[in-house]
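The values are calculated or read from the model by the stated rules, or taken from the named source; none is laboratory data. What you are looking at is a predicted structure, and each value in this text was computed from that prediction instead of being measured. For neighbour counting, all protein chains shown are included, and Cβ atoms are generated from backbone atoms with ideal geometry for every residue, glycine included. When the accessible area is computed, the model is the full protein with side chains, heavy atoms only, and any ligands, DNA or RNA have been set aside. Shrake-Rupley method; radii C 1.70, N 1.55, O 1.52, S 1.80 Å.
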Amino acid sequence: MAKKLYVGNLAYQVDDAELRKHFEQAGELMDGEDGAKVIKDKFNEDKSRGFGFVQFKNDDDAEKAIEMFNEKDFAGRDLVVNEAQDRPNNRDRR
């Protein structure tokens with residue numbers, strides 16, 4: 001089963017392709033945008049928000065990626081890598 005990881009503290013110049021290439025060292029990612037995605041500013045699509053997501057085809061590779069990359073340097077910054085959490089609905093925040 002696929003497992004999605006949150007990747008935080010990304011250097012702002014990292015793009016989807018670089019993120020994918022780095023995390024493929026741990027295993028096989030999902031195809032296309034589901035595999036690796038750097039989140040961009042909604043008002044300026046050229047500007048990274050400094051985080052993204054990667055999704056592995058199997059859970060073992062995802063766990064390996066957390067061990068390999070969490071708190072490790074990538075492009076000059078120590079990454080924060082953990083299992084992605086579902087975002088709460090805005091109504092749940094009241």
Check: Near Lys64, which aspartates and glutamates are there with a Cα under 14 Å away, not counting those fewer than 8 places off in the same chain?
Finding: Glu24, Glu28, Glu83
Notebook entry, point to check: Considering the chain, what Rg and Dmax in Å follow from its alpha-carbon atoms?
Noted result: 13.3, 41
Next item on the list: Kindly report the accessible area of the chain per residue (heavy atoms of protein chains, probe 1.4 Å, no ligands, DNA or RNA), in Å².
Entry: 68
Next item on the list: Could you tell me what percent of the accessible area of the chain is made up of carbon and sulfur, with a 1.4 Å probe and every protein chain present?
Entry: 42
Notebook entry, point to check: Could you sort Asp15, Asp73 by accessible area so the largest value comes first, with the probe set to 1.4 Å?
Noted result: Asp73, Asp15
Notebook entry, point to check: What is the projected area of the convex hull of the Cα atoms of the stretch 19-70, averaged over all directions, in nm²?
Noted result: 3.7
Item checked: Violating pairs (Cα-Cα greater than 24 angstrom) within the set Lys3/Lys40; Lys3/Lys47; Lys4/Lys72; Lys37/Lys57 -> Lys3/Lys47
Next item on the list: Please identify which residues in the stretch 70-84 have an amide N closer than 17 Å to a label point set 7 Å out from the Cα of Asn44, following the Cα→Cβ vector.
Entry: none
